[in-house]
């Protein structure tokens, strides 16, 4: 078998690719309007995650901590949740949704978050805030299993499960973008608009590219409303663009409300964007307009200018969120590049059953490794000790030191990217994303050629 799927062959982690489940739940929560997540755990469970998200999006936003300390770890800390909810409601009069996001410590000590929510609903909310619309929901994200990816998936499902109600068909589709950037949301919305598709775009953070206004009062928040979440039970279809970042919610809606679900493909590259638009057209009856055919043509022209001359046979390593990594690998193959190593950084045992990975195993005709539960040592060790030769690395900023230490060019993509300016504004998905990606990869190789003082003929530049 040319394409081999294997689990990391070491116990322990050396420089992880992902952070933990609560981070994913926090990222999902910032996509909901009038919502502030309350993370039930130590302050670091919020501080470091918020730092990552703020570094990535270059914006400030609101999220809270129950600030668990040693006494809570010994005697239980449910009282911290009660106090935290009260403080949030008193301080933020617009607040309507408070997800209680658990962490490893509070899951280990067994705090009954579900019971606390029942107590608050019957006590504090009824007595102190009887005229306020307030929704509390538990999101269980223990950090000792899964990753930020599974935490995001669980949180999206739990939000939908909390609010979705069945009513007369609203004629709209549910559109779950997954863990994307504001630029991706803009690109996806433009595709839907040009196809004249009425969609509820869920957990979207387009507005996180926030302006600075004269009054200085702009605060970044997501645009998904309670009404949007309620309406998910009345949609005609659910499209989850990422199998591991929204797939659970799509499956819940299909099982609970008989709403047909379409999970994937992640629309990275021409092939996958074509497939997504075709599925949208089949589900809604809306034709693909000439304007999108032209956008596709522009992307194809950009690819034609670069792929065969400059990108063909270039060896690539890719790491990050699984849907992103697989989508990037498929796009690289379409560009005649040769992904050598795909690193999926968590303990999800179902990756080997992913039909996209099975397709890679069936069609890739050279040695490729796909490593699950991987860390950055899996990349560095292969470069340093096992003779892996690479022309390019694709991944987020946490892996930049491997690029620096081994003098391999790198294109920043994924979460978090904080050592390049403005990347969150540029799409990776859709035809616009395909154009951006192919040009970024080519420019990285051109810059590397100049840096290493290679002759132009190495990249056919003359």
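Quick note: the coordinates plus some simple rules give every number you see, no bench work behind them. As the structure is a computational prediction, the values presented were derived from the model and not from experiment. Neighbour counts are summed over all protein chains in view; Cβ atoms, including those assigned to glycine, are modelled from backbone coordinates with ideal geometry.
Please give the helix 247-257 orientation as an angle from the longest Cα principal axis of the chain, in degrees from 0 to 90, rounded to the nearest 10. Between helix and principal axis, roughly 50 degrees. With respect to the chain, whose longest principal axis is taken over its alpha-carbon atoms, helix 148-163 is tilted by about 40°.
Rounded to the nearest 10 degrees, the angle from helix 44-57 to the longest Cα principal axis of the chain is 50 degrees.
The alpha-carbon atoms of segment 350-462, seen along their principal axes, cover 44, 36, 28 angstrom, with the largest extent given first.
One quarter of the convex hull surface built on the alpha carbon atoms of segment 173-288 amounts to 7.8 nm², the projected area averaged over directions.
The calculated 222 nm mean residue ellipticity attributable to helices in the chain amounts to -13500 deg cm²/dmol, summing -39500 (n - 2.57) over DSSP H runs of n ≥ 4 and dividing by all residues. Per-peptide packing, taken as the mean over residues of other Cβ atoms within 10 Å, places 362-375, 236-249, 168-181 in the sequence 236-249, 168-181, 362-375 from highest down. The spacing between segment 308-327 and segment 1-80, judged by their C-alpha centroids, is 28 Å. When you count the other C-beta atoms within 10 angstrom of each residue and take the mean per peptide, 392-399, 86-93, 220-227 line up highest first as 392-399, 220-227, 86-93.
One compactness figure for the chain is 1.00, namely its Cα radius of gyration divided by 2.2 N^0.38 Å. P(r) tail for segment 61-115: Cα pairs beyond 14 Å make up 53% of the total. The length gained on full extension between residue 131 and residue 170, counted as 0.36 nm times the residue separation minus their Cα-Cα distance, comes to 11.1 nm. The mean of 1/r over all distinct Cα pairs in segment 7-65, once inverted, gives the Kirkwood hydrodynamic radius of 12.8 Å. The eigenvalues of the Cα gyration tensor, multiplied by 5 and square-rooted, give segment 21-146 an equivalent ellipsoid with semi-axes of 21, 19, 12 Å from largest to smallest. Using only alpha-carbon positions in segment 217-358, the gyration tensor eigenvalues give semi-axes of 30, 21, 16 Å once each is multiplied by 5 and square-rooted (largest first).
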